[in-house]
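The values are calculated or read from the model by the stated rules, or taken from the named source; none is laboratory data. Here the structure is a predicted model, which is why all the values come from computation and not from measurement. Counting neighbours? That spans all protein chains shown, and the Cβs are built from the backbone with ideal geometry, glycine included.
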Amino acid sequence: MFEGLEKICKVYRMESYAYDETPVPVRPKAAEFVVVKPRNSSEVSEILKFANERRIPVFVRGGGTGLSGGSIPTRKGIVISTERMKEIVIDRGNRVAFCQAGVTLEELSSSAERHGLSFPPRPGAEGATVGGMIATNAGGVRALKFGVMRNYVLGLEVVLADGRILKLGGKTLKNSSGYSLLHLLIGSEGTLAVITGANIRLLPPLRDMTMIAIPFRSAEDAINFALDTFLQMTPMAMEFMEDRAVRIGEEVSGTRWVSKEGGAHILAIFERKEEAEEASEIAFRHGAIDVFLPSPREQRELLELRGKIYLGLKDRIIEILDACVPPAQIPEYLRGSEELAKKYGIDMITYGHLGDGNIHQHPLLFDGWERVYPRFRKELLRLAVSFGGVISGEHGIGVLKREELREFYPEQYGLMLEIKKIFDPNMILNPDRIF
Ligand SMILES: Cc1cc2nc3c(=O)[nH]c(=O)nc-3n(C[C@H](O)[C@H](O)[C@H](O)COP(=O)(O)OP(=O)(O)OC[C@H]3O[C@@H](n4cnc5c(N)ncnc54)[C@H](O)[C@@H]3O)c2cc1C
């Protein structure tokens, strides 16, 4: 099947590309595959022409930090890894970074900083790549104030399934020039084209941040505090953690949280100190047990604690659910989720991005989970949709939420499939993802 491919590029056989960060219980199994590591769009083009002529499935892999099984080769085929596509060129005058697809979040952020600029979005995995973040329309803790990946992509260089290289958009902030194919490709999870490069919008450096850490007695108090705060200001981040999540973060990071008391906790970050002070007053009005203003060193430690909760949880969970609901509907959604979880005998640990309604729910593993879990997750995601929410806020559909996408949005799904066939008539690009 792969005969002749080695004439175009070096071919690797590497088992580590058979998985990503998707939790093991729901992680799809990899089929037989070979790996190629092109350096630019011309090489990607040659590989795709080869695959398209022979109808060989192609899977695209960025940093492999995805949580929906998106980069796992589920059919016998070729994995295109972007790890050698590392060029970054900063155009400081226009505040734009051209990045090849394999540039990581960490590399993009530090390069922007070296040029006196910033890339504000902060999806949680520093090893995520520009290509992967665009393909999933990644979000993260700062989406509340600074938006998601979509808001930072000004131009794209992509290769279509038949090998054609296409440039979309450019370096301008505005673009009303016909259908926005650029935006169609953002969030398309590698099913329409392989992203080889992107012009990413940068901002001036962020001001010094001020953080407050607040234990509340209940999730309800914490959420009401957040909703009230959003009427006065937009924090950079408003992270919610139920008490068990905080204690897991303590264990893994070795850092003590600010309080031993409380059922729900908030980590809020502001650009100005006065905002943090005003938010502290709002917190006390909503029954905060206390409000803590950590020192810069403590701020780093608390962020690490928050960042490491997943590490402590990942071997104990079935999967991470990332439904997103309008922020004011979070209390009803959480109440409904609890009732559902009780009905199915499922225990969930909840934390996540409160500000944008993207709460991450982590159902814990138990014997016999396979029997009830698929029905539970479908009902839970349907609940989110019934509150005006969506089934994935940032992790994407991948291999895991295809059924719900088809069932909950039949008309959109049909249209998406027609679009897919225009871009990729032989259906070779990232099969089993989304569709
Ligand atoms: C600890 C942890 C924290 C996380 N926190 C967040 C968070 O806060 N917010 C968030 O949004 N996500 C988060 N994620 C999920 C993950 O980091 C994002 O989905 C990220 O965008 C994936 O990037 P990647 O380069 O690792 O992509 P991969 O996992 O390699 O791929 C993801 C999808 O993108 C496709 N793809 C990759 N590169 C390309 C390309 N060049 N062209 C076309 N398609 C491509 C793949 O085929 C796949 O479908 C987290 C993950 C972990 C492990």
Worksheet entry | Which listed residue, of Glu157, Glu126, Glu106, is within 14 Å of the ligand (Cβ to nearest atom), charged (D, E, K, R) and assigned to a strand (DSSP E or B) | Glu157
Worksheet item: In segment 185-217, which residue that is charged (D, E, K, R) and either within 16 Å of the ligand (Cβ to nearest atom) or part of a strand (DSSP E or B) (or both) is farthest from the chain's Cα centre (by Cα)?
Response: Arg201
Practice prompt. With the checklist (1) under 21 Å from Val26 (Cβ atoms); (2) surrounded by fewer than 22 Cβ atoms within 10 Å (Cβ to Cβ); (3) of a type in the set (Gly, Ala, Ser) in hand, flag the one item Gly398 doesn't pass.
Written response: (2)
Practice prompt. Output the number of the condition that Gly140 fails; it satisfies all remaining conditions of (1) modelled with pLDDT under 95; (2) outside any loop (DSSP other than H, G, I, E, B); (3) small (Gly, Ala, Ser).
Written response: (2)
Worksheet item: If Ala341 satisfies every condition in (1) of a type outside the set (Asp, Glu); (2) in the same structural domain as Ala245 (by TED's automatic domain parsing); (3) touching a residue at least 40 places away in the same chain (Cβ under 8 Å) but one, which is the exception?
Response: (3)
Worksheet entry | Qualifying residues in segment 374-414 (those that are out of contact with any Asp or Glu (no Cβ under 9 Å at 6 or more places or on another chain), touching a residue at least 60 places away in the same chain (Cβ under 8 Å) and not hydrophobic (A, V, I, L, M, F, W, C)) - the one farthest from the ligand (Cβ to nearest atom) | Gly388
Fill in: Answer residue from segment 180-232, given it is polar (S, T, N, Q) and closer than 29 Å to Gly132 by Cβ and is surrounded by the fewest Cβ atoms within 10 Å (Cβ to Cβ) among those
Ser180
Item to complete: Look at Val390 and say whether it is farther than 24 Å from Val24 by Cβ, among the aliphatic types (A, V, I, L, M) and modelled with pLDDT of 95 or more.
Response: yes
Worksheet, complete the sentence: By residue number, the members of segment 138-179 that are farther than 22 Å from Asn94 by Cβ, small (Gly, Ala, Ser) and either surrounded by 18 or more Cβ atoms within 10 Å (Cβ to Cβ) or in the same structural domain as Val44 (by TED's automatic domain parsing) (or both) are Ala138, Gly139, Gly140, Ala143, Ala161, Gly163
Practice prompt. Say whether the condition of being modelled with pLDDT under 95, touching a Leu at 6+ places or on another chain (Cβ under 7 Å) and either under 30 Å from Glu404 (Cβ atoms) or among the basic types (Lys, Arg) (or both) is met by at least one residue in segment 270-287.
Written response: no
Worksheet item: Of the numbered conditions (1) of a type outside the set (Val, Ile, Thr); (2) over 30 Å from Glu157 (Cβ atoms); (3) in a loop (DSSP other than H, G, I, E, B), Asn224 satisfies every one except a single condition; which is it?
Response: (3)
Worksheet item: Here are Lys7, Lys29, Lys76: which of them is more than 27 Å from Glu107 (Cβ to Cβ), surrounded by fewer than 19 Cβ atoms within 10 Å (Cβ to Cβ) and touching a Pro at 6+ places or on another chain (Cβ under 8 Å)?
Response: Lys76
Discussion item. Would you confirm whether or not segment 353-365 contains a residue that is in contact with an Asp or Glu (Cβ under 8 Å, 6 or more places away or on another chain), more than 16 Å from the ligand (Cβ to nearest atom) and either within 25 Å of Ile266 (Cα to Cα) or of a type outside the set (D, E, K, R) (or both)?
Written reply: yes
Discussion item. Anything in segment 72-103 that is farther than 10 Å from Leu202 by Cβ, touching a Lys or Arg at 6+ places or on another chain (Cβ under 9 Å), more than 11 Å from the ligand (Cβ to nearest atom) and not in a loop (DSSP other than H, G, I, E, B)? List them, or say none.
Written reply: Phe98
Discussion item. Please pick out the residue among Ser68, Ser109 that is surrounded by fewer than 24 Cβ atoms within 10 Å (Cβ to Cβ) and either farther than 12 Å from Thr129 by Cα or without any contact (Cβ under 8 Å) to a residue 60 or more places away in the chain (or both).
Written reply: Ser109
Fill in: Residue check for Pro25: more than 15 Å from the ligand (Cβ to nearest atom) and either in a loop (DSSP other than H, G, I, E, B) or not polar (S, T, N, Q) (or both)
yes
Worksheet item: Out of Ser337, Ser392, which single residue is surrounded by 20 or more Cβ atoms within 10 Å (Cβ to Cβ), of a type in the set (Ser, Thr, Tyr) and more than 30 Å from Leu192 (Cβ to Cβ)?
Response: Ser337
Practice prompt. Report, by residue number, each residue of segment 367-388 that is more than 24 Å from the chain's Cα centre (by Cα) and surrounded by 13 or more Cβ atoms within 10 Å (Cβ to Cβ).
Written response: Trp369, Val372
